[in-house]
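Here's the structure we're looking at; comments come further down.
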Amino acid sequence: MNAIASREPMMARPSLLPEPGLSIIVPMYNEAGGLASLHARIEEVARVLKAKRGLACEVVYVDDGSRDATLSIARTLPADLMDVQVISLSRNFGKEAALHAGLDHARRGALLFMDGDGQHPPTLVETLVGHWLDDGFDVVYTAKANRENESLPRRMGGKAFYALINWRARQKIPEDAGDFRLLSPRAAAALRQLPERNRFFKGLASWIGFRQKRVDYEPAEREHGQTSWNLSTLIGLSIEGLTSFSVAPLRFASLLGFLLAVSALLFGAWMLIEAFVFRTSVPGYPSLIVGLMVIGGMQLLMIGVMGEYIGKILSEIKARPTYFVAEHDVKLASQSAATPAAQAPNP
Ligand code: UDP
Ligand code: MG
């Protein structure tokens, strides 16, 4: 692997066509605290899948520029039962980019995405694999069984977001679905073909279609540390998702402009009638100010909405890679030692 990211998708390199089996992709940002125990739990899953189904596994840890010991701990994790890849990105690029890096580097056909904080129970993996292998589903996604513990504004924000993003969409993005999901080899191959830089993984994994299956689960508490999401990063991700998947905000702008124009026309006609038929003098100042503020505010808002889309076009045209790899270690289960060819020390 190149010292600085190679981003070309696997499909472009026939010699590297995925091997059969399952790649478990784990994005990590400051997850040193629970990493060893998570690895032990994933190893147990790999052991069970190998014994019961003959399914070979690998785990791909993507260290997204952590500031703690995540990377050094990840490098020492044993590869007794499955191959272990550790990819460290050159800085913190965000979870979506980390998932993308995992997608590009996974070497086995089927993919499973799982958070590194222990909130996605490895014990559920067997169920997800069952839906893939026994029932023939291609995308097995998980959704929070209940959201009662979330605040009302957050739940309402979520509802509004999905209503907007799914408005007149052919392929609806399921509400409550998380990033904990399994993709069959053909679904993973489809996901790899999507060229966009602005990634909204939940949306993309749903957009590709195939046979999708929902599994409800109760996320565990975070084992350590705290969530990296806050109101502003959530709003950022929502804007990312909306502008990636829907032109509803632009249509909304046109509709609003149309409504404003119609009401202004009616209002104007009414004023003319008042002046010429009823001979009353129309109070000008307050209605003028209100009208100006409404129209001014709406225009600014809609210019902002258009700006979001234009910004997205700009970043797609620049075509920068979504991440850079600083180091990449591969430990094969059979050798249980780092293969020197795969090491890419950064000078
Ligand atoms: N994460 C990441 N890069 C970031 C932020 C988060 O790779 O910049 C990882 C994080 O380590 C975890 C997963 O993404 O494995 C989910 O993050 P978090 O637990 O903060 O989100 P939540 O579960 O609260 O949605
Ligand atoms: Mg979490």
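The values are calculated or read from the model by the stated rules, or taken from the named source; none is laboratory data. Here the structure is a predicted model, which means the values were calculated and not measured. Virtual Cβ from ideal backbone geometry, glycine too; neighbours counted across all protein chains shown.
Couple of notes before you dig in:
- In the range 83-105, residue nearest to ligand 1 (Cβ to nearest atom) [restricted to those that are assigned to a strand (DSSP E or B) and in contact with a Lys or Arg (Cβ under 6 Å, 6 or more places away or on another chain)]: Val86
- Considering the conditions (1) over 18 Å from Glu150 (Cα atoms); (2) away from ligand 1 (no atom under 16 Å from the Cβ); (3) out of contact with any helix residue (DSSP H, G or I) (no Cβ under 7 Å at 6 or more places or on another chain), Lys202 is excluded by exactly one of them, (2).
Residues checked against (1) at pLDDT below 85; (2) part of a helix (DSSP H, G or I); (3) away from ligand 2 (no atom under 16 Å from the Cβ):
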{"residue": "Ile173", "(1), (2), (3)": "yes, no, yes"}
{"residue": "Phe180", "(1), (2), (3)": "no, no, no"}
{"residue": "Ala189", "(1), (2), (3)": "no, yes, yes"}
{"residue": "Glu196", "(1), (2), (3)": "yes, no, yes"}
{"residue": "Lys202", "(1), (2), (3)": "yes, yes, no"}
{"residue": "Gly209", "(1), (2), (3)": "no, no, yes"}
{"residue": "Val215", "(1), (2), (3)": "no, no, yes"}
{"residue": "Glu221", "(1), (2), (3)": "yes, no, no"}
{"residue": "Gly225", "(1), (2), (3)": "yes, no, no"}
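- Arg222 meets the stated requirement of being over 13 Å from the mean Cα position of the chain (by Cα), under 25 Å from Thr123 (Cα atoms) and surrounded by 14 or more Cβ atoms within 10 Å (Cβ to Cβ).
- In the set Arg214, Arg186, Arg168, Arg222, only one residue is of a type in the set (Lys, Arg), touching a Pro at 6+ places or on another chain (Cβ under 9 Å) and either touching a residue at least 60 places away in the same chain (Cβ under 8 Å) or away from ligand 1 (no atom under 16 Å from the Cβ) (or both); that residue is Arg214.
- Close Cβ contacts (under 7 Å, 6 or more residues apart or on different chains) running from residues in the range 290-311 that are touching a residue at least 60 places away in the same chain (Cβ under 8 Å) to residues that are part of a helix (DSSP H, G or I) and of a type outside the set (Val, Ile, Thr) comprise Tyr309/Leu250.
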